[in-house]
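Below: one structure, written as structure tokens.
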Amino acid sequence: MTERINLQDYEEAAREVLPGMVYDYYAGGAGDEISVRDNVAAWGRVRLRPRVLVDVSRCDLATSVLGVRVEMPVLTAPCAMNGLAHPDGELAVARAASGAGIIQVVSTLSSYSLEEVDAAAPGPRWFQLYAYRDWGLTRELVERAAAAGYGALCMTVDGSIPGVRERDARNRFRVPPDLRVGNFAHHLPDAADGSALLKYVADQFDPGLTWESVDRLRALSNLPLVLKGVLTAEDARLAVEHGAAGIVVSNHGGRQLDTAIATCDALSEVVEAAGEAEIFVDGGIRRGTDVLKALALGARAVLIGRPYLWALAVEGEAGVRRVLDLLREELRLAMALSGCPSVAEIVPERVLR
């Protein structure tokens, strides 16, 4: 077996082991998938300005996220149905994230219930949440997340209407009958298959969400609220006004609105508008240099999604841990070569836009 030495190697390997329909579900985006490609390309357009003759004999990657110490500025993004990639799904990701000392953000549409994921490994995690037509369902999920010890709610604000994903349409994508959507299994009969569960959840998405919905969600819990899916300064300011402790600059991996601005290109204006709120970014992070650039542009940390799914498909928990280790080592090396012995020293002057 050829040794896999970077994150791209895992995608190529996953393409070989996953059913084509599943690979396309994870890899695909909306429309012509311009935003999917541009998310990756945008980080490559940013250039580094390294400093020399700095003591980098030891580089400290640790930082804090919403007051919680993490061993590097990387989180695992909330991706639906990890069980499509590997039977252990989110449980394997939980163990790998715990071992790496980082935060796992668990999707509402996880293959395992939020309680099962929490029990799989110690460590901090957030719960990703959609707000539903049935507010009782939203309240139930918030209360369960709080009871299970999740450290924050991560509300996705760009997904109430699904984007048009042509790969899935061509493949007539269906969830395998034996795949669970763990947080909702008790809402339908045991005979319901995975696609029925997913349809139930999709029918609950509320296209009428407003900023008042954010206020309503905040009233349900004292957990910090992070809004995921913000791309503009205007919305960043509103997020802060409505009590968001954090913002994830995200275009949903290019899966919602094709030709939406790349997250790298949106990051600076959101950071400038958001004041004291912590800013995170996802979309197209594939190298340690990408992480360094994101931090120099003002992000507190980054989220990765597809890379850990590819690794999960290929090698299960060990693959996810390997991808996190590769990214950690690439970031350490990028920091050393840029003259940044700590995360705090990754400042805006380290990049050229």
**Item:** Lone qualifier among Val271, Val240 - being within 27 Å of Pro341 (Cβ to Cβ), aliphatic (A, V, I, L, M) and more than 17 Å from the chain's Cα centre (by Cα)
**Value:** Val271
**Message:** Pairs please, first residue from segment 205-233 and closer than 21 Å to Pro78 by Cβ, second anywhere and buried (at least 19 other Cβ atoms within 10 Å of the Cβ) and among the aromatic types (Phe, Trp, Tyr), Cβ atoms under 8 Å, 6+ apart in sequence or on different chains.
**Reply:** Phe205/Tyr130; Phe205/Tyr132; Asp206/Tyr132; Leu223/Tyr150; Val226/Trp126; Val226/Phe280
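In segment 1-14, which residues are touching a residue at least 60 places away in the same chain (Cβ under 8 Å) and of a type outside the set (Gly, Ala, Ser)?
Pass one, segment 1-14, residues touching a residue at least 60 places away in the same chain (Cβ under 8 Å): 4-8, 10-11, 13-14.
Those that are touching a residue at least 60 places away in the same chain (Cβ under 8 Å) and of a type outside the set (Gly, Ala, Ser): Arg4, Ile5, Asn6, Leu7, Gln8, Tyr10, Glu11.
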**Prompt:** All but one of (1) farther than 30 Å from Arg144 by Cβ; (2) buried (at least 24 other Cβ atoms within 10 Å of the Cβ) hold for Ala85; which doesn't?
**Reply:** (1)
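Please indicate, with yes or no, whether at least one residue in segment 264-277 is within 21 Å of Glu11 (Cα to Cα) and surrounded by fewer than 24 Cβ atoms within 10 Å (Cβ to Cβ). Give the derivation first.
First pass over segment 264-277, keeping only residues within 21 Å of Glu11 (Cα to Cα): none.
No, the conditions are met nowhere in segment 264-277.
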**Prompt:** Assuming Gly20 fulfils every condition listed in (1) more than 16 Å from Gly316 (Cα to Cα); (2) within 22 Å of the chain's Cα centre (by Cα) apart from one, which condition is it?
**Reply:** (2)
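Within segment 147-159, how many residues are in a loop (DSSP other than H, G, I, E, B) and either hydroxyl-bearing (Ser, Thr, Tyr) or modelled with pLDDT of 90 or more (or both)? Quick ask: steps written out before the conclusion?
Taking segment 147-159 first, the residues in a loop (DSSP other than H, G, I, E, B) are 148-152, 157-159.
Then keep just the ones that are either hydroxyl-bearing (Ser, Thr, Tyr) or modelled with pLDDT of 90 or more (or both); that gives 148-152, 157-158.
Counting residues in segment 147-159 that are in a loop (DSSP other than H, G, I, E, B) and either hydroxyl-bearing (Ser, Thr, Tyr) or modelled with pLDDT of 90 or more (or both) gives 7.
Against the definition (modelled with pLDDT of 90 or more, surrounded by 14 or more Cβ atoms within 10 Å (Cβ to Cβ) and touching a Gly at 6+ places or on another chain (Cβ under 7 Å)), how does Leu225 come out, yes or no? Give the derivation first.
Values: modelled with pLDDT of 90 or more: yes; surrounded by 14 or more Cβ atoms within 10 Å (Cβ to Cβ): yes; touching a Gly at 6+ places or on another chain (Cβ under 7 Å): yes.
For Leu225, the condition - modelled with pLDDT of 90 or more, surrounded by 14 or more Cβ atoms within 10 Å (Cβ to Cβ) and touching a Gly at 6+ places or on another chain (Cβ under 7 Å) - is met.
Considering only residues of segment 160-188 that are among the aliphatic types (A, V, I, L, M) and part of a loop (DSSP other than H, G, I, E, B), which is farthest from Met21 (Cα to Cα)? Step through it out loud before you land on a result.
Within segment 160-188, the first condition is being among the aliphatic types (A, V, I, L, M), and the residues that meet it are 161, 164, 169, 175, 179, 181, 185, 188.
Subset that is part of a loop (DSSP other than H, G, I, E, B): 161, 164, 175, 179, 181, 188.
Numbers: Ile161: 22, Val164: 16, Val175: 10, Leu179: 15, Val181: 18, Leu188: 25 Å.
Filtering first and then ranking leaves Leu188.
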**Item:** Pair list, Cβ under 8 Å, 6 or more apart: segment 97-118 residue without any contact (Cβ under 8 Å) to a residue 40 or more places away in the chain and on the phi < 0 side of the Ramachandran plot, other residue among the hydrophobic types (A, V, I, L, M, F, W, C) and part of a loop (DSSP other than H, G, I, E, B)
**Value:** Ser98/Ala121; Ser107/Cys79; Ser107/Ala80; Ser107/Met81; Glu115/Ala148; Asp118/Ala148
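The values are calculated or read from the model by the stated rules, or taken from the named source; none is laboratory data. Everything quoted here is computed from the prediction, not taken from an experiment. Glycine gets a Cβ as well: all are built from the backbone with ideal geometry, and neighbour counts include every protein chain shown.
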